[in-house]
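**Q** Sharing a structure here in structure tokens format.
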Amino acid sequence: MSIQILQAHYGFTRMPFGRDLAPQMLHRSASHNEAVARIGWCIQERALGVVTGEVGSGKTVATRAATSSLDASRHTIIYLGNPAIGARGLYAAIVSALGGVPRFHKANLIPQTADLLAAEEAERGKHVVVIVDEAHLLAPDQLEELRLLTNADMDSHSPFACVLIGQPTLRRRIKLGTFAALDQRIALRFAMPPMTPAETGNYIAHHLNLAGRADTLFSDDATALIHQVARGLPRAVNNLAVQALIAAYATKKAIVDETSARAAVAEITAE
Ligand SMILES: Nc1ncnc2c1ncn2[C@@H]1O[C@H](COP(=O)(O)OP(=O)(O)O)[C@@H](O)[C@H]1O
Ligand SMILES: [Mg+2]
């Protein structure tokens with residue numbers, strides 16, 4: 001099914017439920033707003049924060065929203081999207097992001113990382129923010145290295161803000177005894193809840209509105225079914241909503257009704 005056909009059928013000005021929304025176009029559910037506010041607080045306080053949520057709950061989107069509003073002349077944001085790079089890789093990524101050439105031996109790389117982090121603030125007046133996404137993939141030694149880095153200054157203020165974003169297993173892993181020292185340093189913990197049924201309805205309407213349809217295109221029954229099957233998770237709502245649009249088009253309907261939503265559920269769950 002080509003996007004053009006759907007756009008022509010529904011009169012969309014752009015394909016709805018896409019992933020490329022600018023920060024100011026995002027839907028603001030309670031959970032999104034709270035995640036953005038808390039990540040922002042963690043950044044300002046130079047604290048260590050842990051934000052968890054199920055796959056597709058909107059963690060990465062909320063993180064982008066929180067960092068996009070920061071004054072770029074005063075913040076250096078280091079975003080690590082895939083932490084499965086080993087402990088050395090973690091240091092090397094931070095050094096590279098700060099414009100350095102990572103030293104080969106880890107014994108040299110560690111002080112190089114600490115020095116560059118400190119210089120960013122002391123010499124350039126920049127507030128460093130390290131964000132590790134998919135942080136449930138961090139290996140035990142990497143978690144320990146992160147603790148050491150955030151601890152560089154012991155009792156005075158932490159040299160940078162660090163936000164770990166990951167699936168719910170991240171929270172459980174840090175709770176295990178071996179990470180007690182890291183656990184104690186965590187100033188922010190937030191588990192992103194899914195959207196409520198009403199929010200899912202608003203979410204669908206919001207995406208359709210951005211695509212040029214301000215009228216009601218999904219019936220209440222269809223919305224309720226999509227919410228239930230997607231468990232209020234934005235990415236799953238997107239996938240089901242697109243399939244439902246295709247199903248309604250295929251049966252020549254002007255509105256996405258419950259039958260169209262059921263067809264979408266069958267399509268998605270058969271995959
Ligand atoms: N606040 C929001 N407004 C609009 N779309 C959103 C929002 N939050 C999530 N989404 C949609 O859901 C998808 C999944 O969100 P994402 O942040 O990647 O989930 P996670 O990182 O938790 O797996 C995004 O690609 C986007 O399409
Ligand atoms: Mg993500």
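**Q** Out of (1) part of a helix (DSSP H, G or I); (2) at pLDDT below 95; (3) not aromatic (Phe, Trp, Tyr), the odd one out for residue 14 is which?
**A** Tallying (1) part of a helix (DSSP H, G or I); (2) at pLDDT below 95; (3) not aromatic (Phe, Trp, Tyr), residue 14 fails exactly one: (1).
**Q** Being of a type in the set (Lys, Arg) and over 23 Å from residue 44 (Cβ atoms) is the filter; apply it to the range 55-107 and report the residue that is farthest from ligand 1 (Cβ to nearest atom).
**A** 103
**Q** Considering the range 245-271 alone, what residues qualify as being in contact with a Lys or Arg (Cβ under 9 Å, 6 or more places away or on another chain) and within 16 Å of ligand 1 (Cβ to nearest atom)?
**A** Selection gives nothing.
**Q** Would you confirm whether any residue within the range 38-48 is outside any helix (DSSP H, G or I) and within 16 Å of ligand 1 (Cβ to nearest atom)?
**A** Scanning the range 38-48, I find no residue that is outside any helix (DSSP H, G or I) and within 16 Å of ligand 1 (Cβ to nearest atom), so the answer is no.
**Q** Is it fair to say residue 110 is over 23 Å from the mean Cα position of the chain (by Cα) and among the aliphatic types (A, V, I, L, M)?
**A** Taking the combined requirement at face value, the residue satisfies it.
**Q** From the list 77, 85, 39, pick out the single residue that is among the β-branched types (Val, Ile, Thr) and without any contact (Cβ under 8 Å) to a residue 24 or more places away in the chain.
**A** Sole residue among the options that is among the β-branched types (Val, Ile, Thr) and without any contact (Cβ under 8 Å) to a residue 24 or more places away in the chain: 85.
**Q** Can you work out which of the residues in the range 37-64 that are among the aliphatic types (A, V, I, L, M) and farther than 25 Å from residue 241 by Cα is nearest to the chain's Cα centre (by Cα)?
**A** Filtering first and then ranking leaves 51.
**Q** Suppose we filter 132, 128 for residues that are within 29 Å of residue 71 (Cβ to Cβ), without any contact (Cβ under 8 Å) to a residue 60 or more places away in the chain and in contact with a His (Cβ under 9 Å, 6 or more places away or on another chain); which single one remains?
**A** The unique qualifying residue is 128.
The values are calculated or read from the model by the stated rules, or taken from the named source; none is laboratory data. Just so it is clear, the structure is predicted and the values come from calculations on it, not from any experiment. Ideal geometry is used to build each Cβ from the backbone, glycine not excepted, and the neighbour counts take in all protein chains shown.
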